[in-house]
Amino acid sequence: MTNSQLTPGVVPGRLPSEAYSVNFQDVAPPLERNEARIAADRCYFCHDAPCVTACPTSIDIPLFIRQISTGTPDAAALTIFHQNILGGICARVCPTENLCEGSCVRMTAEGKPVEIGALQRYATDHLMARGEHPFTRGAPTGKRVAVVGAGPSGLSAAHRLAAKGHEVVLFDARPKPGGLNEYGIASYKAVDGFAAREVDWLMGIGGITLQSGQALGRDFTLDSLRAEYDAVFLGLGLQGVNALSAEGEDRGHVDHAVDFIRDLRQTPDLTALPVGRDVIVIGGGMTAVDAAVQAKLLGAQNVTIVYRRGQDRMSASPHEQDHATHSGVRIICNAAPLKVHGNGTVREVEFFYTRDGANGLEDTGERFRLPCDQLLRAIGQKLDGAPQGLGLSGGKIAVSGPGRTSLPGVWAGGDCASGGDDLTVTAVAEGRDAAEDIHAQLMEAAHG
Amino acid sequence: MADLRSNFIGIKSPNPFWLASAPPTDKEVNVRRAFQAGWGGVVWKTLGSEGPPVVNVNGPRYGVVYGADRRVLGINNIELITDRPLEVNLREIKSVKRDYPDRALIISLMVPCDEESWKAILKQIEDTGADGVELNFGCPHGMAERGMGSAVGQVPEYIEMVTRWVKTHSRMPCIVKLTPNITDVRKPAEAAKRGGADAVSLINTINSITSVDLDLFAPQPTIDGKGTHGGFCGPAVKPIALNMVAEIARNPATYGLPISGIGGVTTWRDAAEFMALGAGTVQVCTAAMTYGFKVVQEMISGLRDYLDDKDITMSDLIGRAVPNVTDWQYLNLNYTTKAVIDQDACIKCGRCYAACEDTSHQAIAMGPGRVFTIKEDECVACNLCVDVCPVESCITMRELEMGEIDQRTGQPVRPYGNWTGHPNNPMAQAAE
């Protein structure tokens, strides 16, 4: 039996097999050398540049672009990696229009920023293609640091700590390192196994021992780590997912968008991956867009994002929203799910239109239904299973300064920690800064 | 619509845009294409004496200096004069001129520095129908090693002597092409005038090494591992050319001597600038070599628009800026301006701040929100901020009114006063 876009239910192989590789190719192909030179020529080399201020990792953007324009992309890459060791993935996933490119003075001048993200990718790809790690470790300190979570913040912290000469043991609950880079972003943003290659390359610094499949609270505890190591960094991410609070949410094919994206990223064969004919994604963030677009690319006939507030409140950037609509995804705003209808599995979803009221969102009383055979929830993640004894703030691990938690010797960063946006680049910055603080404290203790 | 017809020392052309003696004018096929594209005149690539022609290298002849996006800012060349037999060139010149009688066709010449050689070549070109000759005293590479080109152009006495020979043995209008590879360009121009030249043309190319190959450790263009200095031209040389044209135009000894301006003319605007400094025609090479002959069409329409907008004729334009070129000592030291930043136009790049703070007079303040403002009590009006600002007209210079206090000096702006009468000048003439 051959499936098509019209086949009801959640089935694999809706498209001709050759369509998948086309649909899931690089969404933003890399710049060629000449394109990079031309793009680099547009940089004004601003004083105290706004793009640097806007970058959570404070990459010296004018300098690296100048290095590209003078034909030294590897020097440019070092400028980037000194500040952001995950500059490769950040070049691919950063919402640059809200960060560096959004603050580029050429946005003010002519509405077209310097293509900072693409240039960063050009430089980092160039250096990484050499196949060697560019940094060398400092002299061994004899200190051992546990890093929990091999996502962006943990990798960043581990690398900086290893570079300082500390011994790092990097724990991750999943089979592969990389965190959201590996499991949580659309595959067309990091093609050809980039997330895994980047981790391999990062580990080239040496001094980092990876312990995969090791979960905090199951295989070890924070107390045991504190007893065994000189310092602990927690980069746990957000493992919990929020519920819809809509009736009938327990029906079949009502899934979490993060699980859908994870399965898609890990499947060896996209043609075997089932997807609904009428897919609805609830949410307004990047995860919602990544799930919706990929559902469409997998062959879903109708994909709709439904967001409960106005479009201007969507946390997915306008660029992401455009990408969704260009990909054929419909976006409905000011609507929230009321009830999931169906017999066993979801058949349709009933929504109510919302409006902003004095006490938050109100039900307008207006209803509509959309046919649906796969409902994906992308309404945010939350911290689950934070170790006992850590102070929390707003549902996250409370930190002060460079990631210091309420417990001595324990630092935290990335999405699990309070403060900062839940962005890859912010996680990298927090991991790096915590590592510097850990290093300073360990060395002070050693020499003090 | 403005009339662009030109009469330059009796040589008529439908517009003042000529192609300079160079690779674009080496052959009939090129020159015909140029005339079809609309060029007003052509100076045929330099002819040498009869006999075995010169030979060129068989490796690269050109080196280049790029701006952003590989925009050609300058080209250097090590090509010699025509390497084709004299009789072929003469036949082609005659053929082209016959078909394009309304266009200017000037023959560039370079022969050994003896009267017989010049007499002979002048006789040979006599019946080509060409409108005039240009004496190539400028070529800085190759030929100079053989006592020709700039080897002559660097010795005013030789220029005068050869020019006189040419005027003695020919009735054709004679333009002397000058080399910039000299300390004071007024001297060769004066010599040309003494020798009877009808006009001078300048500048020829500037001695240069455009770049060094950092793998081969040799100048570019590199011929089998070696390089030699070549002649540099294109937009990068325009400022040097403009100054030399102006020096001749305002020199009392050569005042009124017709000038054909050469050096980086790329657009109508460049041409108009040369003309304002006294050039009756302009000659173009690099722009054509970079973009093809069609560029002349923009030059024609642009110059026409400009003259129409100004409501002046081309002869009104020629030399119009010459009276405003003066010596430093006559500049009004009491003229005072201050930079003003248009906050609405500012894109907050901060380049003005970096330039002023790092390299000038610390006269720009950077406030919260990247607001850049001028500190008038520090501003010396150097204009660097205007120059480095990427937004045209964002920073301008405001002229202080007479009597207004200059916040930097605390003194009111006074009427005209120059260095010759300044109290700090030991040579100042006391005001009576």
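Residues that are of a type in the set (S, T, N, Q) and over 17 Å from A:Leu31 (Cα atoms) were ranked within segment A:42-73; the one that is farthest from the other protein chains (Cβ to nearest Cβ) is A:Thr57.
The condition (being in contact (Cβ under 8 Å) with a residue 24 or more places away in the chain, of a type in the set (Gly, Ala, Ser) and touching a Ser or Thr at 6+ places or on another chain (Cβ under 9 Å)) is satisfied by just one residue among A:Ala335, A:Ala386: A:Ala335. Screening A:Leu170 on (1) over 17 Å from A:Asp437 (Cβ atoms); (2) assigned by TED's automatic domain parsing to the domain that holds A:Asp437; (3) surrounded by fewer than 24 Cβ atoms within 10 Å (Cβ to Cβ); (4) not β-branched (Val, Ile, Thr) shows it passes everything except condition (3).
When residues of segment B:66-120 are filtered for being within 17 Å of B:Ser21 (Cβ to Cβ) and either within 14 Å of chain A (Cβ to nearest Cβ) or of a type in the set (A, V, I, L, M) (or both), how many remain? Residues that pass the stated criteria total 16. Going through segment A:300-324 one residue at a time, which ones are farther than 27 Å from A:Gly360 by Cβ and at pLDDT 95 or above? Hits for segment A:300-324 are A:Ala300, A:Gln301, A:Asn302, A:Val303, A:Asp322, A:His323. Pairs linking a residue in segment A:70-93 that is within 16 Å of A:Ser153 (Cα to Cα) to a residue that is among the aromatic types (Phe, Trp, Tyr), with Cβ atoms under 6 Å and 6 or more positions apart or on different chains, are A:Gly87/A:Phe81. Checked against the criterion of being part of a helix (DSSP H, G or I) and within 23 Å of the chain's Cα centre (by Cα), the candidates A:Val279, A:Val258, A:Val303 yield just one match: A:Val258.
A residue that is over 15 Å from A:Arg262 (Cα atoms), touching a strand residue (DSSP E or B) at 6+ places or on another chain (Cβ under 6 Å) and assigned to a helix (DSSP H, G or I) occurs nowhere in segment A:168-188. Scanning segment A:378-402 for residues that are of a type in the set (Lys, Arg) and modelled with pLDDT under 95 yields one hit, A:Lys382. Among the residues of segment B:293-310, those identified as under 14 Å from B:Ala37 (Cβ atoms) and either in contact (Cβ under 8 Å) with a residue 40 or more places away in the chain or of a type in the set (S, T, N, Q) (or both) are B:Phe293, B:Lys294, B:Val296, B:Gln297, B:Met299, B:Ile300, B:Ser301.
Within segment A:390-419, being in contact (Cβ under 8 Å) with a residue 60 or more places away in the chain and farther than 11 Å from A:Ser153 by Cβ holds for A:Leu390, A:Ile397, A:Thr405, A:Leu407, A:Gly409, A:Val410.
In summary, A:Arg309 fulfils each of the numbered conditions (1) farther than 30 Å from A:Phe24 by Cβ; (2) in a strand (DSSP E or B) with the single exception of condition (2). Taking the numbered list (1) assigned to a helix (DSSP H, G or I); (2) within 27 Å of A:Val399 (Cα to Cα); (3) not aromatic (Phe, Trp, Tyr) in turn, A:Arg197 passes all entries but (2).
The sole residue among B:Glu126, B:Glu92, B:Glu116, B:Glu87 that is within 24 Å of B:Ala37 (Cβ to Cβ), of a type outside the set (Val, Ile, Thr) and assigned to a helix (DSSP H, G or I) is B:Glu92. Restricting segment A:100-124 to residues that are hydrophobic (A, V, I, L, M, F, W, C) and crowded, with 23+ Cβ neighbours inside 10 Å leaves a set whose member that is farthest from the other protein chains (Cβ to nearest Cβ) is A:Ala123. Examine segment A:8-25 for a residue that is β-branched (Val, Ile, Thr), surrounded by 16 or more Cβ atoms within 10 Å (Cβ to Cβ) and away from every other protein chain (no Cβ under 14 Å), and state whether such a residue exists. Checking segment A:8-25: at least one residue is β-branched (Val, Ile, Thr), surrounded by 16 or more Cβ atoms within 10 Å (Cβ to Cβ) and away from every other protein chain (no Cβ under 14 Å).
With a requirement of 1 or more residues that are outside the structural domain of A:Leu170 (by TED's automatic domain parsing) and closer than 28 Å to A:Gly9 by Cβ, the strands (runs of 3 or more DSSP E) lying completely within segment A:336-448 that satisfy it span A:345-357, A:360-371, A:374-377. Of all residues in segment B:315-363, those satisfying the criterion of being in contact with a helix residue (DSSP H, G or I) (Cβ under 6 Å, 6 or more places away or on another chain) and either away from chain A (no Cβ under 14 Å) or under 30 Å from B:Pro14 (Cβ atoms) (or both) are B:Leu317, B:Ile318, B:Arg320, B:Ala321, B:Val322, B:Val325, B:Gln329, B:Ala339, B:Ala363. Among the residues making up segment B:368-393, those that are surrounded by 15 or more Cβ atoms within 10 Å (Cβ to Cβ), within 14 Å of chain A (Cβ to nearest Cβ) and under 16 Å from B:Thr337 (Cβ atoms) are B:Leu384, B:Cys385, B:Cys389.
The values are calculated or read from the model by the stated rules, or taken from the named source; none is laboratory data. Small disclaimer: the values here were computed from a predicted structure and weren't measured. We place every Cβ from the backbone using ideal geometry, glycine too, and count neighbours over all the protein chains shown.
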